[in-house]
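For reference, the structure is listed below as structure tokens.
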Amino acid sequence: MIYIVAGVSGSGKSTIAEGLASALNLEYIDADDFHPDSNRSKMSKGIPLNDSDREPWLLAINQELIQAEQKQGIILACSALKKKYRQTLEKDLLKTPIWIFLEGSFETIYNRMKARKHFMPASLLQSQFDTYETPDSGLRLDIRQNPEQLIEKILAHMDKKAEIGLIGLGVMGKSLSRNIARNGFHIHVYNRHVDGKEEQVAANFVKAFPELANSKGFDNLGNFVAALEQPRKVFLMVNAGKAVDTVIKSLLPHLDKGDMIIDGGNSHYKDTQRRFVVLEHQGIEYIGTGVSGGELGALNGPSIMPGGSPKAYQAAETILTKIAAQDKVDKTCCAFIGEGGAGHFVKMVHNGIEYAEMQLIAEVYGILRFAMQKSPEEISTLFAEWNEGDCGSYLLEITRDILLRKEEETQLIDIILDKAGNKGTGSWTTIAACELGVAIPTITAALFARYQSAAYDARQTAAKVFAPSNSKVEFDLEQLRQAYQQARLLNHNQGFELIREASKSYDWKVDTKELARIWTNGCIIRSKLMETIYTHHTEDPLILNPNLNSDLISHRSALQEIVAQLAHTNISSPCFSASLSYLNGSIEQTALANIIQAQRDYFGAHTYERRDAPRGQKFHTEWE
């Protein structure tokens, strides 16, 4: 941590900074030591410094602070009279310094300056007061108190309670904690204690990163909660399901009415809705928020999707918006989604879309690698080209890089076992779609592809029985690119339609345009397509939006041809096939459901409607 004791010349910066350095066992430096001879000479002659004189001096100090931040921190005494001077000192630091401003009357400080020996004469004090800009943050202290009292006040301020606490120091929890601290918020962290397995996790974590120098790590829940300022804000980053309920149950005896719990894990939206109602009755505010971006996103700025009550969101908004990613016009990629479980619902659907995006890339890879027999390097080059155009996405970008990674002389992709895992959000998306009556075949196909891949041993046995061939098949690369992009649009259409139906059913009032915007950066499915969806958003399905569907209308044959060719290979292509079937089912004027309705009526007297009768009127036929 960097501590800067600031104020006009003669305010006692050096005395206080030295005393503070001694109390904290940190190095002390004086900004005066960085002045070039030209500045010293000018001041000794009674000539005040201007901005040009101060700029190289401030930059030199800034470099010293950057170096110190990599160590144990430092105490700096520096006038830092203007806001822009302070900004120069803070440039490229991991975390905003702790600012301590010493302030007093002109007369008091003038008398001090006359009594000391210094290269700056008392005659320059007025120019210091004229230049000084009152800070809008930091600790401001009246220098009429003696140095011991001032240092005691500073130490008490540094030991003040944290603005927010975070529970659960897995990969995402650690990254979010650092993100919160780096954005200037005072945070404490907690991790459970398990003998021999998880000991001093939180305490060791805060010691490892300089941005957490002002934080404390706890393994006692009561002490952790007591160290948070009221009303308390507790951010949970624990595994979905029973673990969340267990932590909440443990927390409640330590919380007061008006305190807030923010669940940032991948909780099921119905669990979030239940917790929201239960905790509301107990006077505890509850937010269920999706957080997308993986480890690096959580550290540098994720996409954040909070749901709960508008009142609760307002209380947490400053922190959540500050730690989120920013879109292309520097708006935060965080917005209130809706009440109850809305935030976790859209995060669940985000993950469903993500499943299909990943599977489509895998299917394109399969075509290129096994049908066209291209090398991973060649495929990576092609993906790099696609990524520069309208196919560009975070997932395509990382796949480009994955295909170039080697272990010794072997491609890493050829070493990784072809057995996909999942953490439940994909299956939850499919179940929710079934409950709400929304077709999402591309998303579901991606989920089932993972399930099939998991049957690894059975696949090895069946492969020997069927002896699939590996003959080379040529695909048109531009046609393949078009089919890939069309399938992606159909995938996103399914996700957005599911969100719209849920919003209507649960009265969440989800703003799908704003949702698309916060998905343009930070999250895993960020892409040029998402930017286009946001820019040209309408309330119509994406496939009916004229700014999105022109390629689908004019080059639909690309998707048809690719699926037809795939049928003559041994490459599984569930998402390409499901996308084409979904498109056909969405646009066919005469569907096949009349046969199904007749069958249902034949064996179960379920009735049917007729084309030549008013809609809603039911009929039954005695078929036998």
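The values are calculated or read from the model by the stated rules, or taken from the named source; none is laboratory data. Keep in mind the model is a prediction, meaning the values are calculated, not measured. Note that each Cβ is placed from the backbone with ideal geometry, even for glycine, and that neighbours are counted across all protein chains shown. Calculation scope for accessible area: heavy atoms of the full protein, side chains included, ligands and nucleic acids excluded. Shrake-Rupley method; radii C 1.70, N 1.55, O 1.52, S 1.80 Å.
Things worth noting here:
- Within the option set ILE571, ILE587, ILE553, being in contact with a Phe, Trp or Tyr (Cβ under 8 Å, 6 or more places away or on another chain) and among the hydrophobic types (A, V, I, L, M, F, W, C) holds for one residue only, ILE571.
- Candidate set from segment 111-138 (those that are surrounded by 17 or more Cβ atoms within 10 Å (Cβ to Cβ) and closer than 17 Å to THR15 by Cα); member that is nearest to the chain's Cα centre (by Cα): MET120
- Residue within segment 369-377 that is over 13 Å from SER573 (Cα atoms), of a type in the set (Ser, Thr, Tyr) and crowded, with 20+ Cβ neighbours inside 10 Å present: no
- Test: residue in segment 502-520 that is touching a Ser or Thr at 6+ places or on another chain (Cβ under 7 Å), in a loop (DSSP other than H, G, I, E, B) and within 19 Å of GLU357 (Cα to Cα): yes
- In segment 58-92, the residues that are over 14 Å from VAL5 (Cα atoms), without any contact (Cβ under 8 Å) to a residue 40 or more places away in the chain, part of a helix (DSSP H, G or I) and open to solvent by 10 Å² or more (accessible area, probe 1.4 Å): LEU59, ALA60, GLN63, GLU64, ILE66, GLN67, LYS84, GLN87, THR88
- Residues that are touching a residue at least 12 places away in the same chain (Cβ under 8 Å) and within 20 Å of ALA502 (Cβ to Cβ) number at least 3 in the following helices (runs of 4 or more DSSP H) confined to segment 335-428: 342-366.
- Number of the condition not met by LYS528 [criteria: (1) out of contact with any Phe, Trp or Tyr (no Cβ under 9 Å at 6 or more places or on another chain); (2) more than 30 Å from GLU295 (Cα to Cα); (3) crowded, with 16+ Cβ neighbours inside 10 Å]: (2)
- Of all the criteria given as (1) over 21 Å from HIS620 (Cα atoms); (2) in contact (Cβ under 8 Å) with a residue 12 or more places away in the chain, the one not satisfied by TYR602 is (1).
- Among the candidates LEU489, LEU552, LEU548, LEU529, residue that is of a type outside the set (Phe, Trp, Tyr), outside any helix (DSSP H, G or I) and over 23 Å from GLY341 (Cα atoms): LEU548
- Scanning segment 285-331 for residues that are open to solvent by less than 40 Å² (accessible area, probe 1.4 Å), among the aliphatic types (A, V, I, L, M) and not in a helix (DSSP H, G or I) returns ILE287, VAL291, ILE304, MET305, ALA324, ALA325.
- Within segment 556-583, tally of residues that are outside any helix (DSSP H, G or I), crowded, with 17+ Cβ neighbours inside 10 Å and of a type outside the set (Val, Ile, Thr): 2
- VAL473 meets each of the listed conditions (1) under 30 Å from LEU382 (Cβ atoms); (2) free of Cβ contacts under 8 Å to residues at least 40 places away in the same chain apart from (2).
- Segment 537-555, residues that are crowded, with 20+ Cβ neighbours inside 10 Å and under 31 Å from the mean Cα position of the chain (by Cα): HIS537, LEU542, ILE543, LEU548
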